[in-house]
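J.: Take a look at this one; I'll ask things after.
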Amino acid sequence: MVALVGAGAGFVMTRFMPPQYVVETTIWMERPDRGEGDRGPVRPGALLTSYAWVDLLNSYAVLDHVAEEMRLYAWTDDPDDWEVIQDLTVADDIEVGGYVLEVNGDGARYTLADEEGEVVEEGEVGTPIGSALGFAWNPAPELLTAGRSVALNVTTPRDAARGLAASLTARMMDQAGNFMRLELRGDDPERITATLNALTERFVEVAGELKRARLDEWEEILNTQLEYAATSLAQAEEALERHEVATITLPSRSTPGGGAAEDTGADPIFQDFFATNIELEDVRRDREVIQRALNQASEGSLPVEALEIVPSVQGSSEMMQALGTLNDRRAELRALRFRYTDQHPAVEEALAEVRIMEQQAVPSIARGLVAELQAREANLERRAGSARTSLQQIPVRDVEAMRLRRAVDQADAVYRDLSQRVEDARLGTSASSIADLRLLDRAQVPRTPESDQRARILFLSIIGGLGLGLLGAILMDRSDQRLRYPEQVTYELGLTILGAVPHVRHRNGGRTGDDDERVMEALRGIRFNLVHAYGSAGPLLVTVTSPGVGDGKSFITVNLALAFAELGHRTLLVDGDVRRGGIHSLVEGRRKPGLTDYLAGKETREGIIQETLFPSLHLIGSGTRMSHGPELLASAAMRQLIAELRASYSVILVDSPPLGAAVDPLILGALTGNFLFVVRNGTTDRSFAEAKLEMVDRLPIRILGAVLNDVPSSTVYQGYSYLPGYLAVDEDEGGTKERPAKLLSSL
């Protein structure tokens, strides 16, 4: 039964588990050449530096667009209904859930009900449907035919995007990370193929937009720096021009060597003095600019543009590298803010990196550079002071002119460098239409499912049902304290099995002749085994008992006595159950006067022994009910009666109450010295029987064995059954006829 239930459950599950299909596509990603240096702002692998390609693929900038484009927020289980819902769009405040659209019999009106069957809207066919629920849905009237019913489910585009991400798998195909394989699973091959193609196209599109946005931001930063450098160059040229205009009419002054100032270039001392003073002024000015930038950085804003045009900063590779990295992070942050809010993980990560660069990395390097410039400044002051005494007559205007010319040259060099970088950025922006991602192959509609779990589920359900049934049977068998197997009598109770009485079939309230013959044959076997278990000393004197009520003790006692009487033994059947004894009714005898009457001195021994309808079988009834009946069983009169009866009968069977009812069976067992234990299959409690047997073990009572009553015709009791076709029959002249059964009561 459990196996059938499992198979049925598996069949039901297969109805709700369609085959799963998988579509694939491959994307090639351009990676930077590790052997090449920085070629400028257009670096192929610099698009994603703070998050992975998979993060971009799973971003809502990609997934939301695909969910809306492919209408993933609305679906139906019936393929024929897709044409009705394919144009359905939703608003932000949509009421999600399941709905049923039904068209009335004349095809003029419709009703829209929710999952509980409550009608939420009704109207005429051809008008917009579900406007109050957030739907923008107006299917063509020819699709809504009379009596048509469409069941659909609707969710938000964001939830649909999450579901798309859950069914999407992305993995790198090689160690270098140049190829990405995308897989999408679903039960509709055409739909998942179109969805994956739309997803890859959107992925490549967003990657290209991010690249263009980053290059645009980089170009904007360079333009700002170029404007600052142009202003510095113009200011330097104006200062030089003003100086030349102011000093053009002044006469030249002689140098200590007797030549003009313009001719002093040939004098190494003069040239060194000029170079030292000019360098000193440059170093002092650079230090002051860097120090002002550090002061601004402590207030929260680091002027990167002002730092990059400082000659000393340009001469520091470490400082330039740090500033370049900061510019890259700023450009990435601006590009990310173009797509995401400040709460997006990628934006938060980029913002944290920018803050670290602005507040820790760059200021730390700048402070070290300031310390170096201070040391250079002190050294240059010492050099200039040592030469100042001998060169007091050098015109100040010449020194200023040389410094101004050098400032112009430096500003011009910075301006030219930035102009070239701006041009490179413009070229990169114009070429940014070539994205870092390329779609190598489009997804194709699969013809066969990747996995069809229906047969497997059905098989596992059947096996699981069988397993659960077997496990349940084992658990029930382990937890069942009732007697079920002959081994439980032999090994758990420690009793020898003398025979087994089979279960008989009842037909219309009665038994068949075959049933009675099988029982009688079993009783013959019990009779034979009981005689040999008892031995040859004296008459056979046995008390028959059982653990509890309903074990069939009286049935076995009466019919076993009849079996001995049939064999010719003078047999006495004693009803020792003075509380509820009733075996007299089975042999059509009387209950009183009986055993208690004799023990109470009210009747003689000859007066209580009754003859029965069966030859050689006599009966002593239980007698009159008395409250002190158990005491009478333990009296000397009872022992004397047993001794006298032993001399008159070859078989004496005493039917006692169950062991769990009273102390009476123990008294009778001690008097006879022998017990025959009757247990019933499916009824006797093993634990209870074992406890009662422990009490018997402490008394001078010999347990001859056990009789199994009401055993089924199963394999476990096969050793106690008899072959069919060997019934004992009477033969006469007319053929054969069955011998009349003498079974005295039903089971």
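The values are calculated or read from the model by the stated rules, or taken from the named source; none is laboratory data. It should be emphasised that the depicted structure is a prediction, and the values quoted were computed from it without experimental measurement. Here the Cβ is made from the backbone with ideal geometry for all residues, glycine too, and neighbour counts use every protein chain on show. These area figures cover heavy atoms from the full protein model, side chains too; ligands, DNA and RNA do not enter into them. Shrake-Rupley method; radii C 1.70, N 1.55, O 1.52, S 1.80 Å.
J.: Return yes when E237 is out of contact with any helix residue (DSSP H, G or I) (no Cβ under 7 Å at 6 or more places or on another chain), surrounded by fewer than 21 Cβ atoms within 10 Å (Cβ to Cβ) and at pLDDT 75 or above and no when it is not.
T.: Judged against the criteria, E237 is not a match.
J.: Of the residues that sit in the range 254-292 and are at pLDDT 50 or above and among the aliphatic types (A, V, I, L, M), which one is farthest from R367 (Cα to Cα)?
T.: The qualifying residue farthest from R367 (Cα to Cα) is I269.
Conditions tested, residue by residue: (1) assigned to a helix (DSSP H, G or I); (2) of a type in the set (V, I, T).
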position	(1), (2)
R527	yes, no
T543	no, yes
S554	yes, no
A561	yes, no
L572	no, no
E606	yes, no
T624	no, yes
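J.: Follow-up question, since we're still on this one. Consider L668 against the criteria (1) out of contact with any Phe, Trp or Tyr (no Cβ under 8 Å at 6 or more places or on another chain); (2) under 19 Å from A706 (Cβ atoms); (3) open to solvent by 10 Å² or more (accessible area, probe 1.4 Å): it satisfies all of them except one. Which criterion is unmet?
T.: Evaluating L668 over (1) out of contact with any Phe, Trp or Tyr (no Cβ under 8 Å at 6 or more places or on another chain); (2) under 19 Å from A706 (Cβ atoms); (3) open to solvent by 10 Å² or more (accessible area, probe 1.4 Å) leaves (3) as the failure.
J.: Please count how many residues of the range 191-229 are open to solvent by 40 Å² or more (accessible area, probe 1.4 Å), out of contact with any strand residue (DSSP E or B) (no Cβ under 8 Å at 6 or more places or on another chain) and at pLDDT 85 or above.
T.: 2
J.: Can you tell me how many residues within the range 679-705 are open to solvent by 30 Å² or more (accessible area, probe 1.4 Å), over 21 Å from H503 (Cα atoms) and in contact (Cβ under 8 Å) with a residue 40 or more places away in the chain?
T.: Going through the range 679-705 one residue at a time, the tally reaches 5.
J.: Of all residues in the range 600-631 being in contact with a Ser or Thr (Cβ under 8 Å, 6 or more places away or on another chain) and open to solvent by less than 20 Å² (accessible area, probe 1.4 Å), which is nearest to A565 (Cα to Cα)?
T.: L617
J.: Filter the range 115-159 down to the residues that are in contact (Cβ under 8 Å) with a residue 40 or more places away in the chain, out of contact with any Gly (no Cβ under 6 Å at 6 or more places or on another chain) and among the aliphatic types (A, V, I, L, M) and list them by number.
T.: Correct list: A136, L143, L144, V150, A151, L152, V154.
J.: Let me ask something additional. Consider E102 carefully, then state whether it is at pLDDT below 85, in contact with a strand residue (DSSP E or B) (Cβ under 7 Å, 6 or more places away or on another chain) and open to solvent by 60 Å² or more (accessible area, probe 1.4 Å).
T.: So E102 does not fit the description; no.
J.: Based on this model, can you work out whether T571 counts as under 60 Å from the mean Cα position of the chain (by Cα) and at pLDDT 90 or above?
T.: Taking the combined requirement at face value, the residue does not satisfy it.
J.: So which residues in the range 315-331 are at pLDDT 80 or above, small (G, A, S) and either in a helix (DSSP H, G or I) or open to solvent by less than 20 Å² (accessible area, probe 1.4 Å) (or both)?
T.: Passing the criteria: S317, A322, G324.
J.: Moving to a separate point now. Given Q393, Q343, Q374, Q360, which one is open to solvent by 30 Å² or more (accessible area, probe 1.4 Å), modelled with pLDDT of 80 or more and part of a loop (DSSP other than H, G, I, E, B)?
T.: From the options Q393, Q343, Q374, Q360, the qualifying one is Q343.
J.: Now for a different question. So is G568 out of contact with any strand residue (DSSP E or B) (no Cβ under 8 Å at 6 or more places or on another chain), within 22 Å of D516 (Cα to Cα) and outside any helix (DSSP H, G or I) or not?
T.: The answer is yes for G568.
J.: Right, another one. Does V119 satisfy the condition of being surrounded by 16 or more Cβ atoms within 10 Å (Cβ to Cβ) and modelled with pLDDT of 85 or more?
T.: Taking the combined requirement at face value, the residue does not satisfy it.
J.: So, one more: Restricting the search to the range 476-494, which residues are modelled with pLDDT under 75 and either of a type in the set (A, V, I, L, M, F, W, C) or part of a helix (DSSP H, G or I) (or both)?
T.: M476, D477, R478, S479
J.: Counting only residues that are surrounded by 14 or more Cβ atoms within 10 Å (Cβ to Cβ) and either modelled with pLDDT under 85 or part of a loop (DSSP other than H, G, I, E, B) (or both), how many does the range 144-169 have?
T.: The number of residues fulfilling the criteria is 4.
J.: Can you work out which of the residues in the range 495-515 that are open to solvent by 70 Å² or more (accessible area, probe 1.4 Å) and in contact with a strand residue (DSSP E or B) (Cβ under 7 Å, 6 or more places away or on another chain) is modelled with the lowest pLDDT?
T.: Top of the filtered list is H503.
J.: Any residue in the range 211-226 that is of a type in the set (V, I, T) sitting within a Cβ distance under 6 Å of a residue that is modelled with pLDDT under 75? List the pairs, counting only those 6 or more apart or interchain.
T.: So the pair list comes out as T224/E305.
J.: Restricting to the range 68-99, name every residue that is assigned to a loop (DSSP other than H, G, I, E, B), out of contact with any helix residue (DSSP H, G or I) (no Cβ under 8 Å at 6 or more places or on another chain) and open to solvent by less than 50 Å² (accessible area, probe 1.4 Å).
T.: L88, A91
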